[in-house]
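The values are calculated or read from the model by the stated rules, or taken from the named source; none is laboratory data. These figures come from a predicted structure and were not determined experimentally. A quick note on method: Cβ atoms are made from the backbone with ideal geometry, for glycine too, and the neighbour counts reach across all protein chains shown.
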Amino acid sequence: MSTVPVPAPRATIEDGGTLVRVSVPARRNVVAVLFIVAWLCAWFFGEKSAVVQLLASRASGVNGFLGFWLVGWSLGGVFAARAVLWMFFGREVLELRDGELVLRRTTLGLGRRRSYDLGAIKNLRADPWTRPTGRSSFEFAGGVGGAIAFDYGPKTIRCGGALDEAEARQIVDLFKQRNAQLRSG
């Protein structure tokens, strides 16, 4: 009987003393990628057909409905393309700096950056946020969710969507070791 090898961590940790940077690549779901790419191929032909019909039609009622439908269809395509790009190129970066915790969710270098005051962070914890249905569609597309959580005023902030609970706990312990405010909060 062979022993199961210890898996490698998903996160890359850079510890520079005053700055701790944790970089977590997005989780890749091959089934979801294949489905979305196939859907995007069909989406392209639907989009192309609707644009051609909209440009050729002179009836205002048809144009109104088709224009409305085209906006919704286009938004669906953008969301699907964003999900695929997130799974291939997305990453969450957590940076513990003097006085702040910075959370960035980026795809190809584009994305949002949020800074949180360490004095206002309470109850930093590993919290897998499990649900009976598993991961939500927003999580696999780079939205909300994650195995690391903290309270920030009346809100709970979550990050580390691709982390397992054990690795999230290791990261939380590292952050608490590096900053006394996070231990007391």
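Of the residues making up the range 163-183, one or more are closer than 20 Å to Val20 by Cα and at pLDDT below 85. Pairs linking a residue in the range 24-51 that is touching a residue at least 40 places away in the same chain (Cβ under 8 Å) to a residue that is aromatic (Phe, Trp, Tyr) and part of a helix (DSSP H, G or I), with Cβ atoms under 8 Å and 6 or more positions apart or on different chains, are Ala26/Trp86; Ala26/Phe88; Ala26/Phe89; Arg27/Phe140; Arg28/Phe88; Asn29/Phe140; Ala32/Phe140; Val33/Phe88. Could you check the range 7-23 and list, in sequence order, the residues that are assigned to a strand (DSSP E or B) and free of Cβ contacts under 8 Å to residues at least 40 places away in the same chain? Within the range 7-23, Thr12, Glu14 qualify.
Where residues in the range 45-73 are among the aromatic types (Phe, Trp, Tyr) and touching a helix residue (DSSP H, G or I) at 6+ places or on another chain (Cβ under 8 Å), which of them is nearest to Ile13 (Cα to Cα)? Applying the filter and picking the extreme gives Trp73. Restricting the search to the range 118-146, which residues are more than 12 Å from the chain's Cα centre (by Cα) and either in a loop (DSSP other than H, G, I, E, B) or at pLDDT below 65 (or both)? Passing the criteria: Asp127, Pro128, Trp129, Thr130, Arg131, Pro132, Thr133, Gly134. Just one of the listed residues (Ala83, Ala42) is part of a helix (DSSP H, G or I), of a type outside the set (Ser, Thr, Tyr) and surrounded by 13 or more Cβ atoms within 10 Å (Cβ to Cβ), and it is Ala83.
Residues in the range 97-117 that are modelled with pLDDT under 95 and hydrophobic (A, V, I, L, M, F, W, C): Leu108, Leu110.
Taken residue by residue, the range 89-104 has at least one member that is within 23 Å of Val22 (Cα to Cα), assigned to a helix (DSSP H, G or I) and within 19 Å of the chain's Cα centre (by Cα).
Residues that are over 30 Å from Gly16 (Cα atoms) and of a type in the set (Lys, Arg) do occur in the range 48-58, at least one of them.
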